[in-house]
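Below is one structure; the comments refer to it alone.
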There are 2 protein chains.
Amino acid sequence: MSLPKDIMPLRAVPCLFPADDADDFQFCSTCAFSSACRDQGYDKAALHELECLVEHIGPFEAGEYLFREGETFNAIAAVRTGTVKAFTVDAAGREQVLGFFLPGEVIGFNAIHDARFPCNVVALDTVMLCRFSFPSISALAARTSALQAQLFRLLSQDIKKAALLAGDFSADERMAAFLLGFSHHYSARGYSAHRFTLAMSRTDIANYLRLAAETVSRVMRRFQEDGLVKVNRREVELLDLPRLEALAQPVLRG
Amino acid sequence: MSLPKDIMPLRAVPCLFPADDADDFQFCSTCAFSSACRDQGYDKAALHELECLVEHIGPFEAGEYLFREGETFNAIAAVRTGTVKAFTVDAAGREQVLGFFLPGEVIGFNAIHDARFPCNVVALDTVMLCRFSFPSISALAARTSALQAQLFRLLSQDIKKAALLAGDFSADERMAAFLLGFSHHYSARGYSAHRFTLAMSRTDIANYLRLAAETVSRVMRRFQEDGLVKVNRREVELLDLPRLEALAQPVLRG
DNA sequence: CGGATTGTTGAGATGCCTCAAGTAACGTGG
DNA sequence: CCACGTTACTTGAGGCATCTCAACAATCCG
């Protein structure tokens, strides 16, 4: 998974919105736009434009709102570091967690439709974002077919993700799929597929999986008793990936 | 909701893939691309290109497959007439209904991501489609910002739709939202908001709502006893829209 | 150290599912 | 047009997965 050296010099080109820290390269290698950046070496002008377009914002501290429900939509944002939670609050004041975003994932695709955010988005720990003005990135996409295609793919991916959660699955299946989601995300980005730290509370997990918090606790304990995982607070170690995959199989398509 | 007369003459312009029947105009007024067509009178060249792009296919009879899971994706399709069901089949052979598509809705957005259909798509009654080659419509979208924006909006809308179903709601809430979905769809297109015919079986409804078929029956009966609806086979009449809206409110965002 | 938050565990309640039987519509062939 | 089988739908009784309620333990934080 080594990156072609020849894209490095681009960092040195003058930019309207110059990147403001040193680990952008590292970041870009895990970002959702990376394939549009890296794979399309033939269109360096467009890649440069994308770099000029990005605004690095943050840091946000845990609990800070990145976006609020109802807010006007004018930019998407990729998570650079940290973890983010999207949720709505219903008439009775109860939270409904829509999803979590890890580094490299893009926030805001569900806001395009009516140009307003349909949910709140809050930092769960210290979060840095890359912000892309949506009109600007759309205009760039019109000139760069690889970028347009990548945007369509990412939007399409979100449809599939949302549909996954909608299936009717048991608590065990949901939990296994949830844990494996992190494993897959991290291992695809060069981190451990076995060990990771959850940034969110049991309550948030339960809410996201449409379970009671108590059920999440019980399933976690049973998984541990069965030797599937080892859990300590929010530290998770996956001990038996094959069995977890088998459990999650109905969720992750059959 | 009257349409500008001045777009009519476009039907007379020679076309590579000439439209093959007389009610295209009627159709286009209910189609998901209609706003990209109608609202953007300033870009008639692009509108013309979109017309040339479309292939009218069908009719398909009830039970015929329009797409099959795993099939290579190369086109999206708008429903012109009829009703369509999308579903997967899990390892144990059980169906999982992902959604229904009514006239004007677009099929295939969830297939972009990995260029293959993640689900089967089957006609529930006699169905006619408008097919748009995805590479072609993408290329056109790159030249026509209104079309690009419309595609982004439609994709984004599908994300929101999928997330709706994913919430944890009671059988009553789901059923009310399901029925109101038809009401809203039809009334937005100039048909009755109160009376319509369901094209799908109770089993399909139940499967889609993640309920047992028996539960759907029972909820329907109770709704009828409470004077909310009048149901006869697949004929539905909504008698008390306000109370149904109130019931469905948690589902249709709070 | 004390209060607040977060997570765990048990006991009982419940909404929905499963199973099983029965009824109604539909199509088919006689 | 009617008997028949088939499919779709309805209804009831009982079971189970998950929720709710309540108490408690652990951790965090000032």
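Any idea what the relative contact order of the range B:146-254 is, in percent, if you count C-alpha pairs under 8 Å spaced at least 6 apart? Could the numbers behind the result be given before it?
Numbers: 106 pairs, mean separation 36.8, N = 109.
Normalised by residue count, the contact order of the range B:146-254 is 34 percent.
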Q) Given the protein chains as shown and a 1.4 Å probe, how many square angstrom of B:L98 are accessible, to the nearest 10? A) 50 Å²
Q.
What figure, in Å² to the nearest 10, do you get for the accessible area of B:L228 with a 1.4 Å probe and non-protein molecules left out?
A. 10 Å²
Q.
Quick check on the range B:168-248: what does the Kirkwood estimate of hydrodynamic radius come out to from the alpha carbon pairs, in Å?
A. 12.6 Å
Q) Going down the table (A:K230/B:K160; B:K85/B:K230; A:K85/B:K161), which pairs top 29 Å between alpha carbons? A) A:K230/B:K160
Q) At A:N232 and A:H194, where each label point lies 7 Å from the Cα along Cα→Cβ, what is the point-to-point distance in nanometres? A) 1.5 nm
Q: Only loop residues by DSSP count here, and only those with at most 10 other Cβ atoms within 10 Å; note down the GluC sites (Glu not before Pro) in the range A:60-110 that meet that.
A: none
Q | Cα-projected label distance for A:A92 with A:R222, points at 7 Å along beta-carbon direction, nm | A | 2.6 nm
Q.
Could you work out how much longer the chain between A:L239 and A:S201 gets when fully extended? Use 0.36 nm per residue separation minus the Cα distance between them, nm to one decimal.
A. 11.5 nm
Q) Fully extended, how many nm does the chain gain between B:C52 and B:A246 (0.36 nm per residue separation, minus their Cα-Cα distance)? A) 65.4 nm
Q. Counting only the heavy atoms of the protein chains, how much of B:H184 is accessible to a 1.4 Å probe, in Å² to the nearest 10?
A. 80 Å²
Q: Work out, step by step, the length gained on full extension between B:A213 and B:S136: first 0.36 nm times the residue separation, then minus their alpha carbon distance; give nm to one decimal.
A: 23.5 nm
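Would you please name the trypsin sites (Lys or Arg not before Pro) within the range A:68-98 that are DSSP coil residues with at most 10 other C-beta atoms within 10 Å of their C-beta?
Counting only loop positions with at most 10 other Cβ atoms within 10 Å, none of the trypsin sites (Lys or Arg not before Pro) in the range A:68-98 qualifies.
The values are calculated or read from the model by the stated rules, or taken from the named source; none is laboratory data. Since this is a predicted model, take the numbers as computed values, not measurements. Please note: Cβ atoms are built from the backbone with ideal geometry, for glycine as well, and neighbour counts cover all protein chains shown. Accessible surface areas use protein heavy atoms only, side chains included; no ligands, DNA or RNA. Shrake-Rupley method; radii C 1.70, N 1.55, O 1.52, S 1.80 Å.
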